[in-house]
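Presented below is the structure to which this report refers.
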2 protein chains.
Amino acid sequence: MTKIQLYDTTLRDGMQGEGMSLSAQEKLRVAHRLDELGIALIEAGFPSSNPKELELFELLGRERFGQAEVAAFGMTRRRGVAADHDPALRVLADCFAPVCTLVGKTWRLHLEKVLKVDGEENLRMIEESVAFLVAEGKRVVYDAEHFFDGFASDPEYAVRCLSVAAAAGAETVVCCDTNGGTLPDQVGLAMASVVEAAGLVGVRVGIHCHDDAGCGVANSLAAVHRGATHVQGTMNGYGERCGNANLVSIIPNLQLKLGYECLTAEQLGALTPAAHFLDELLNFTPDPDQPYVGRNAFAHKGGMHVAGIAADPATFEHIDPAVVGNRREVLISELSGKGTVHARAREAGIALDDPAAARVVERVKELEHRGYHYEAAGGSFELLLRRETGEYDPLFRLESWRAIVEKRADGRVETEATIKIWVDGERYVRTAEGNGPVNALDRALRDALVEIHPHLADIDLVNFKVRILDEAKGTGAITRVLLDASDGDQVWGSIGVSENVIEASWEALVDSLEYGMQVAGLAARPVRGTGSGS
Amino acid sequence: MTKIQLYDTTLRDGMQGEGMSLSAQEKLRVAHRLDELGIALIEAGFPSSNPKELELFELLGRERFGQAEVAAFGMTRRRGVAADHDPALRVLADCFAPVCTLVGKTWRLHLEKVLKVDGEENLRMIEESVAFLVAEGKRVVYDAEHFFDGFASDPEYAVRCLSVAAAAGAETVVCCDTNGGTLPDQVGLAMASVVEAAGLVGVRVGIHCHDDAGCGVANSLAAVHRGATHVQGTMNGYGERCGNANLVSIIPNLQLKLGYECLTAEQLGALTPAAHFLDELLNFTPDPDQPYVGRNAFAHKGGMHVAGIAADPATFEHIDPAVVGNRREVLISELSGKGTVHARAREAGIALDDPAAARVVERVKELEHRGYHYEAAGGSFELLLRRETGEYDPLFRLESWRAIVEKRADGRVETEATIKIWVDGERYVRTAEGNGPVNALDRALRDALVEIHPHLADIDLVNFKVRILDEAKGTGAITRVLLDASDGDQVWGSIGVSENVIEASWEALVDSLEYGMQVAGLAARPVRGTGSGS
């Protein structure tokens, strides 16, 4: 079984994506997570392009990893400067990283229009830069920028750029689809020429793709199919424009479907939590539709699917979700029956007898008719199950609440909410201001409850969606509010529906706190709600 | 140049995706947009699985399309029932659609575990169902469910399922990767067998993929490369689990990179607005990183990229973004150029000099930075133009407003709003109740203004959308409200943005009434706002 060397560039190329921002300490956490996942090489950036990168390299240099190695990233020497006098190459030579990745030009269009050097000088820049770092004791990965565009216009020259790097001692030469527009057949053809090239026998060949044509994953697979054994990409496909090739899809495709060895079975089983860890750290909502690891990736709707899965999961699942650390989801919908409710109750560890399950089905039907929708509100659905069993112990009893929003004569908007609730026979009245009515209600409610339930302080509202159900009715329409909450570890969804947007928000807010306390009260049981992001 | 038949299943398979919800009227708008885009076949669903579908088919049957045809969707006959006695096939035969798409089984695992019929009976079910609809005058597309899984386990039988459908008169046979786990090389190999099969000569072969392995686009391309000329998919890749194959990526890949003919150049140039129209209608935030149409798809960071682009855009762009209706840059705004502003002003009959147009551009940039977005808010944009010319005469001057929502101890929710405004030197104070805070504000405001402007009574709010812009911030995020209003004749959109949902709604509400009065004052000039529902 061919072993594939995984090279993650989340911390360098991935950080070019919109909204990507991590401190040096956070990058260190990412590096450890990638190491645990089984990534061989972690590209961390240029060791001194700014103080943050410098701090990161200092941190990384003191760190121990299980098996991952850190790669520093830089460019070939400047035109007209000797490699050993190029300050950036010197920085690379002096940094602790055992591996240096050098990027250089391959495409004549760039030589002419951007770099403004001739082809021979570019080859010397590649050769001397690689040779310098090898002489300084580094292992070198050579990234051939715009390789496929270069190959399309001048294949002989493009391959020569790689051969020169290999001859100078590069351990790996990487074909990069920098602009991301190449398609799988083109990648496959070019790669076949590369691995057969005279100067590249015995040299490891790699691939680096982007997703501008929606083919980043398939391009990487096509390259491996033709002999590449080093695959560069980012977690969750982060990166500029349309993103880099997504390692989270590439890895299971290679390992589960094409027979390559990427990770141990145990490491592969940690793929889903690792992918979600990155999203959480970057403050992104995990894409529910992401291949392999999304919460919808193995979601089933409707009776026939559920019956097929019961007969044989292979009927409707392309892989066993547990193999990548994901799980099957049975979606609650108008079509769902008692069997689905039983299945969900079992997953949540709730003992539900048959009459209770039948009542839940009726109740869900009635609620869905009124605009509820539990697909993305697993927390609320589990509370509904618990309420039906009588197991349910509400956090408080509501007496009343009031929210006031006022646009004052001076143009300022003031928001204030008051709640009156009862807990254990005691009455709590609290008022809070907020930047909106829901925010103010949330603050007032927590202000009262956090004295009794300190864990509530750990729960954040991470996602708030408002949908008007019968839009044709204008402002008199039904409003559905979906809230995602998190305690830093797990994510759950809740729902509220009302003609009144504030009432709908209140309902979702209460469910999300109630469910959060249920989770806390149930030790480390994994959250099984459909809305769970774990 | 081979012409590819595009088949869109957004309205059927796409609607299986999480959070997908459209009224029959909205689906009609989608169908028209797909028709304008140049889609050949629009799959609309089963003509009577519920009242909403029935209504949709009634609406579609009365409609005229430029070139698109509507396909109704159903299954092969039930086991043990003659095709002409199968009620569902009868519904298909009786519906107006000229094309019927039938799905049937191909994979022995499903025959055994799910359908529980033997292979020969399944072939008869396919043959008789297709023959029945052909005899009823329909053109039939046959969708072979789980084709690639079936082909992997029993290639001879899988191909026979297609041949039987073709022999019975199907115009097109489609290989479906229903579970979505097949990879491009496997699709290519299977498709090569299909197009060469003895019983399929002269029959159009199609492909239907899902994105469970992150290869939905590449799989579709691989099939076309091997001879498929009919491609099924959804706009923006909507669909259950990880989504269907994304037509928005497939179309430009086929047309711009592989030399197939899908759309006219003009239609291709409308791809980006069409993709965003679907997202807006479904209340999804358009994916900024989407290939070809995302606002980041041609975004450039850093000086070298910008310099390269200046020298030759091909250095850093895989295609010219204008070809798919997209544009270069980081911050994309439909209205950011002076030329666009002048064009819009001319359409609205507003005389705008060059310095005023420049001021509008600056103002729009600033407002878009704060979360405004005028694509669906043509009314607000026209007001912005009028305010800049000094032509603008506001309906009233606001002193203050206040909205109170109260959940009382008896469980009832009471909502009340008070407004204080000035019109022509006179102060109006009005209080109204409503079923929500925006409704109450609307009533109070109209109560005051309708005495002076009786036409306001004719304006209805017909559509109300709320989007949280930075969802990761929970209830403290920025809220964007889009309102569509109508005077029974014309529809216009307005926008409000604020941290506070009530303030954002108020702003949109005022714009929609102000604009409505402008329209009334300007005779029967057609409304040209992008948000127009016409």
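The values are calculated or read from the model by the stated rules, or taken from the named source; none is laboratory data. Just so it is clear, the model here is predicted, and its values are computed rather than measured. FYI the Cβ positions are ideal-geometry reconstructions off the backbone, even for glycines, and counts take in every protein chain you see. Quick note on the areas: whole protein, heavy atoms, side chains included, nothing else; ligands and nucleic acids left out. Shrake-Rupley method; radii C 1.70, N 1.55, O 1.52, S 1.80 Å.
Antiparallel beta bridges, as assigned by DSSP with both residues in the protein assembly as shown, represent about 50 percent of the total such bridges. Compactness ratio for the range B:393-509: Cα radius of gyration over 2.2 N^0.38 Å (N = residue count) comes to 1.13. With R₀ fixed at 41 Å, the C-beta to C-beta distance from B:Ala520 to A:Val429 puts the FRET efficiency at about 0.25. So what's the gap between the Cα centers of the range A:350-411 and the range B:24-86, to the nearest angstrom? Answer, in whole Å: 36. By a 1.4 Å probe calculation restricted to protein chains, A:Met15 has an accessible surface near 30 Å², given to the nearest 10. Rounded to the nearest 20 debye, the dipole size of the range A:105-168 about its Cα centre is 140 debye, using +1 on the Cβ of Lys and Arg and -1 on the Cβ of Asp and Glu. Label point of A:Glu55 (7 Å along Cα→beta-carbon): distances to the other copies' equivalent points are 5.7 nm, sorted ascending. Taking each of A:Lys257/B:Lys113; B:Lys27/B:Lys365; A:Lys301/B:Lys105; A:Lys257/B:Lys257; B:Lys27/B:Lys465; A:Lys301/A:Lys338 in turn, the alpha-carbon distance tops 21 angstrom for A:Lys257/B:Lys113; B:Lys27/B:Lys365; A:Lys257/B:Lys257. Counting from the shortest, the label point at B:Ala351, 7 Å from Cα toward Cβ, is 8.4 nm from the same position in each remaining copy.
Only helical runs count toward this figure. For the protein assembly as shown, summing -39,500 (n - 2.57) over DSSP H runs of n ≥ 4 and dividing by all residues gives -11500 deg cm²/dmol at 222 nm. When the surface is traced with a 1.4 Å probe over the full set of protein chains, B:His32 keeps roughly 50 Å² accessible.
Across all Cα atoms of the range B:8-108, the radius of gyration (one decimal) and Dmax (whole number) stand at 14.0, 43 Å. Computed on protein heavy atoms with a 1.4 Å probe, the accessible areas place A:Asp442, A:Asp289 in the order A:Asp289, A:Asp442, largest first. Expressed as a whole percent, how much of the Cα-Cα distance distribution for the protein assembly as shown exceeds 59 Å? Beyond 59 Å sits 12 percent of the P(r) for the protein assembly as shown. With kT/(6 pi eta Rh) evaluated at 37 °C and eta = 0.692 mPa s, and Rh the Kirkwood radius from Cα pairs, the range A:122-164 diffuses with a coefficient of 299 µm²/s according to Stokes-Einstein. When A:Lys113, B:Lys365, B:Lys257 are compared by accessible area at a 1.4 angstrom probe, the order from most to least is B:Lys365, A:Lys113, B:Lys257. Out of every Cα-Cα pair that the range B:12-61 contains, those further apart than 13 angstrom amount to 58 percent.
Return an integer: the convex hull volume of the alpha-carbon atoms of chain B, in Å³ per residue. Please report the intermediate quantities before stating the final value.
On the way: hull volume 100.7 nm³, N = 534.
Roughly 189 Å³ of hull volume per residue.
Plainly put, the tip 7 Å out from Cα toward Cβ on B:Pro313 is 4.9 nm from that tip on each other copy, the closest given first. Relative to the Cα centre, the charge distribution of the protein assembly as shown, modelled as +1 at Lys and Arg Cβ and -1 at Asp and Glu Cβ, gives a dipole magnitude of about 260 debye.
If the segment from A:His369 to A:Arg397 were pulled out straight at 0.36 nm per residue, it would be longer than the present Cα-Cα gap by 7.4 nm. Taking Cα centre as origin and charging only the Cβ of basic (Lys, Arg, +1) and acidic (Asp, Glu, -1) residues, the dipole magnitude of the range B:39-79 rounds to 300 debye.
Suppose accessible area is computed on protein heavy atoms with a 1.4 Å probe; arrange B:Lys407, A:Lys420, B:Lys27 from highest to lowest. Intermediate results must be reported in sequence, preceding the final value.
Working: B:Lys407 35, A:Lys420 60, B:Lys27 10 Å².
Listed by decreasing accessible area, they come as A:Lys420, B:Lys407, B:Lys27.
What number do you get for the range B:52-178 when its Cα radius of gyration is normalised by 2.2 N^0.38 Å, N = residues?
Working: Rg = 14.8 Å, N = 127, 2.2 N^0.38 = 13.9 Å.
After normalising by residue count via 2.2 N^0.38 Å, the value is 1.07.
Helix A:338-348: angle to the longest alpha-carbon principal axis of chain A, degrees 0 to 90, nearest 10? With both axes taken from Cα atoms, the answer is about 70 degrees.
Value of Rg to Rh for the range B:98-235, rounded to two decimals, is 0.94; Kirkwood radius and Rg both from alpha-carbon coordinates.
For the range B:195-273, what is the convex hull volume of the alpha-carbon atoms per residue, in Å³? Provide the component values of the computation, followed by the final result.
Details: hull volume 7.8 nm³, N = 79.
Taking the convex hull of the Cα positions in the range B:195-273, it is 99 Å³ per residue.
Which of B:Leu263, B:Thr479, B:Ala40 sits farthest toward the positive end of the charge dipole of chain B, with +1 on the Cβ of Lys and Arg and -1 on the Cβ of Asp and Glu? Final value for the positive-end residue is B:Leu263. To test your reading of the geometry: what angle, between 0 and 90 degrees and rounded to tens, separates the Cα axis of helix A:119-135 from the longest principal axis of chain A? Roughly 80 degrees, rounded to the nearest 10. Per-residue surface analysis assigns B:Thr285 an accessible area of about 80 Å², computed on protein heavy atoms at 1.4 Å probe radius.
Which of the aspartates and glutamates could a cross-linker bridge to B:Lys420, judged by Cα under 12 Å and excluding same-chain residues fewer than eight apart? By straight Cα distance, B:Lys420 reaches A:Glu406, B:Glu399, B:Asp447.
Taken over the Cα atoms of the range B:147-207, the convex hull encloses 69 Å³ per residue. The shape of the range B:355-426 can be summarised by an equivalent ellipsoid whose semi-axes, obtained from the alpha carbon gyration tensor, come to 35, 19, 9 Å from longest to shortest.
Could you calculate, for the range B:83-139, the ratio of the Cα radius of gyration to the Kirkwood radius, expressed as Rg to Rh?
The Rg/Rh ratio comes out at 1.02.
Computed over all pairs of different Cα atoms, the Kirkwood value for the hydrodynamic radius of the range A:248-371 is 16.3 Å. Put +1 on the Cβ of each Lys and Arg and -1 on the Cβ of each Asp and Glu in chain B; which of B:Gln25, B:Ala82, B:Leu200 then has its Cα farthest toward the positive end of the dipole? It is B:Leu200. Pair-distance distribution of the range B:149-307: all C-alpha pairs, bin width 10 Å, starting at 0; shares per bin in whole percent are 10, 35, 32, 17, 5, 1, 0.
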